[in-house]
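First comes the structure, then the notes that go with it.
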Amino acid sequence: MADTEARLLILEAFEFWRQEQVTLATVADLNFVDLYEKRQIILPEWVYESCPAISRSTLHRWRKLYKQQSLGKRNGKRYQLAS
């Protein structure tokens, strides 16, 4: 379950990042991935250990799974991304 929790925290940081950017979405996404790879996104260390590398396509796949309610379910309940 740690992988799922890590992915949800990354998605939460990603969604916040996207809202704050004034550049094109593709550029913002690539910047987020670059900062993540450099460990400059403030996340717990266990998140980086669980997901040492990400890509733009990985983020979008996780986002799609979350929206389809396939990512983040545990015991019949769905994790919620913070707003």
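Select the helices (runs of 4 or more DSSP H) contained entirely in the chain, then report the ones holding at least 1 residues which are modelled with pLDDT under 90 and of a type in the set (V, I, T).
Numbers: elements: 2-20, 25-37, 45-50, 56-67.
Hits in the chain: 2-20, 25-37.
Output the number of residues of the range 1-26 satisfying the condition of being surrounded by 11 or more Cβ atoms within 10 Å (Cβ to Cβ) and aliphatic (A, V, I, L, M).
7
The values are calculated or read from the model by the stated rules, or taken from the named source; none is laboratory data. Everything quoted here is computed from the prediction, not taken from an experiment. Please note: Cβ atoms are built from the backbone with ideal geometry, for glycine as well, and neighbour counts cover all protein chains shown.
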